[in-house]
1. Are any residues in the stretch 39-77 over 21 Å from C158 (Cβ atoms), among the charged types (D, E, K, R) and either open to solvent by less than 60 Å² (accessible area, probe 1.4 Å) or assigned to a helix (DSSP H, G or I) (or both), and if so, which ones?
2. Quick one: would you say A91 is within 24 Å of P48 (Cα to Cα), modelled with pLDDT of 95 or more and outside any helix (DSSP H, G or I)?
3. Just to verify a result, which residue in the stretch 106-159, among those that are acidic (D, E) and open to solvent by 70 Å² or more (accessible area, probe 1.4 Å), is modelled with the lowest pLDDT?
4. Starting from the stretch 76-94, take each residue that is basic (K, R) and list its partners that are surrounded by 16 or more Cβ atoms within 10 Å (Cβ to Cβ), counting only C-beta distances under 9 angstrom and pairs at least six apart or across chains.
5. Residues in the stretch 113-136: is at least one within 30 Å of R77 (Cα to Cα) and touching a helix residue (DSSP H, G or I) at 6+ places or on another chain (Cβ under 8 Å)?
6. When you go through (1) within 15 Å of the chain's Cα centre (by Cα); (2) polar (S, T, N, Q); (3) open to solvent by less than 60 Å² (accessible area, probe 1.4 Å) one by one for Q87, which number turns out not to apply?
7. Looking at the stretch 1-25, I want the residues that are in contact (Cβ under 8 Å) with a residue 12 or more places away in the chain and have a partner that is in a loop (DSSP other than H, G, I, E, B) with Cβ atoms under 9 Å, at least 6 apart or on another chain. Which pairs are those?
Amino acid sequence: MVLTDEMLRPEIQDREVFVQGVEAIVSAQRRVAEDYFADGSIAFACPPIRALLHLMAKGNFEGKDLSHPDVRRLFTRETLLASDWYQVRLANQQSKDVALARRHVASLEDAVKSFGTEESTRLGFHQRLARARQMLKEAEALGARASLVGTLGADPYCS
């Protein structure tokens with residue numbers, strides 16, 4: 001067994017064993033957080049996770065501890081949605097949506113040309129093309145990015 005009953009029931013441990021267990025947990029968390037700095041992946045973390053990793057690895061975030069209102073505020077929905085990190089994700093999602101809609105339009109236009117009017121009508125290509133053009137128009141619209149608020153957006157570091 002990896003975890004003994006004594007380890008799983010801190011209330012039966014003596015104080016010294018309990019403190020050693022907490023110190024082991026903190027040490028492990030610190031090592032894990034430091035890995036994000038070592039490999040540079042801290043740059044990809046959303047603002048609240050970035051703050052948490054700083055706190056775990058260094059004991060503070062911008063000179064502030066976890067109880068500081070500025071740090072606590074990072075964990076609100078409003079702050080995350082207003083962050084530059086999130087705005088980049090929304091812009092990337094909109095770009096991907098536009099590119100996908102353009103590919104759909106181009107593919108359907110090619111299909112209509114290849115199959116001819118009668119066969120394209122029978123297969124519903126004209127209606128699909130109209131929907132694809134509408135999707136493209138919506139994806140390119142000024143308000144398209146605002147309609148994405150609340151979604152995950154798209155990671156700008158992944159294709």
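The values are calculated or read from the model by the stated rules, or taken from the named source; none is laboratory data. None of these values were measured; they are calculated from a predicted model. Cβ sites come from the backbone with ideal geometry, for glycine too, and all protein chains shown count toward neighbours. Remember, those area values only see protein heavy atoms, side chains included, never the ligands or the DNA or RNA. Shrake-Rupley method; radii C 1.70, N 1.55, O 1.52, S 1.80 Å.
1. Here is the first cut: in the stretch 39-77, the ones over 21 Å from C158 (Cβ atoms) are 51-52, 54-77.
Now restrict to residues that are among the charged types (D, E, K, R): 58, 62, 64-65, 70, 72-73, 77.
Of everything in the stretch 39-77, those that are over 21 Å from C158 (Cβ atoms), among the charged types (D, E, K, R) and either open to solvent by less than 60 Å² (accessible area, probe 1.4 Å) or assigned to a helix (DSSP H, G or I) (or both) turn out to be K58, K64, D70, R72, R73, R77.
2. On the way: within 24 Å of P48 (Cα to Cα): yes; modelled with pLDDT of 95 or more: yes; outside any helix (DSSP H, G or I): no.
Answer is no for this residue.
3. Step one: list which residues in the stretch 106-159 are acidic (D, E), which gives 109-110, 118-119, 138, 140, 155.
Keeping just the survivors that are open to solvent by 70 Å² or more (accessible area, probe 1.4 Å) gives 110, 118, 138, 140.
Working: D110: 97, E118: 93, E138: 97, E140: 97.
Applying the filter and picking the extreme gives E118.
4. Pairs that qualify, where the first residue is basic (K, R) and the partner is surrounded by 16 or more Cβ atoms within 10 Å (Cβ to Cβ), are R89/L148; R89/G153; R89/A154.
5. First, the residues of the stretch 113-136 that are within 30 Å of R77 (Cα to Cα): 135-136.
This time we only want the ones that are touching a helix residue (DSSP H, G or I) at 6+ places or on another chain (Cβ under 8 Å), so: 135-136.
So far as the stretch 113-136 goes, yes, one or more of its residues are within 30 Å of R77 (Cα to Cα) and touching a helix residue (DSSP H, G or I) at 6+ places or on another chain (Cβ under 8 Å).
6. Q87 satisfies all of (1) within 15 Å of the chain's Cα centre (by Cα); (2) polar (S, T, N, Q); (3) open to solvent by less than 60 Å² (accessible area, probe 1.4 Å) except (3).
7. Here the result reads M7/Q13; G21/Q13, each pair linking the stretch 1-25 to a residue that is in a loop (DSSP other than H, G, I, E, B).
Table: residues versus (1) in contact with a Leu (Cβ under 9 Å, 6 or more places away or on another chain); (2) acidic (D, E); (3) on the phi < 0 side of the Ramachandran plot; (4) assigned to a helix (DSSP H, G or I).
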{"residue": "E6", "(1), (2), (3), (4)": "no, yes, yes, yes"}
{"residue": "E16", "(1), (2), (3), (4)": "no, yes, yes, yes"}
{"residue": "Q29", "(1), (2), (3), (4)": "no, no, yes, yes"}
{"residue": "F37", "(1), (2), (3), (4)": "yes, no, yes, yes"}
